Amino acid sequence: MSNQPPKDLGQILEQARGQMGKATGLYSNALDFVFNEASNIILGQQEEIKRLNGLLAKQAKKPDKPEK
């Protein structure tokens, strides 16, 4: 593409299509990034929940201390 102004409607539409394609690509990349980050957070939280559930299960198996 040149830096000269478009001469007709066809060139204007073609340049607009190119700009929309660039914007769509950037938007898609941003959505992919957000989805990946959200997935990583969810998976991290899932592992933490498993760890805490394991600790709770161990605590539940321990006999209660007798009161003095």
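Between Ala57 and Asn36, the C-beta separation translates, for a Förster distance of 35 Å, into a calculated FRET efficiency of about 0.65.
Straight Cα distances below 26 angstrom link Lys62 to the lysines Lys50, with same-chain residues fewer than 8 positions distant left out.
If you line up the long axis of helix 9-61 against the longest principal axis of the chain, both from Cα atoms, how many degrees apart are they, to the nearest 10? Once rounded, the angle reads 0 degrees.
If the viscosity is 0.890 mPa s and the temperature 25 °C, what Stokes-Einstein diffusion coefficient in µm²/s follows for the chain when Rh is the Kirkwood radius over Cα pairs?
On the way: Rh = 17.5 Å.
Answer from the Stokes-Einstein relation: 140 µm²/s.
Over the chain, dividing the summed -39,500 (n - 2.57) contributions of all DSSP H runs of at least 4 residues by the number of residues returns a 222 nm mean residue ellipticity of -29500 deg cm²/dmol.
Values quoted throughout were computed directly from the atomic coordinates according to the rules given, and no laboratory measurement underlies them. Quick caveat, the model's predicted, so the values are computed rather than measured. Here Cβ is always computed from backbone atoms with ideal geometry, including for glycine, and neighbour counts include all displayed protein chains.
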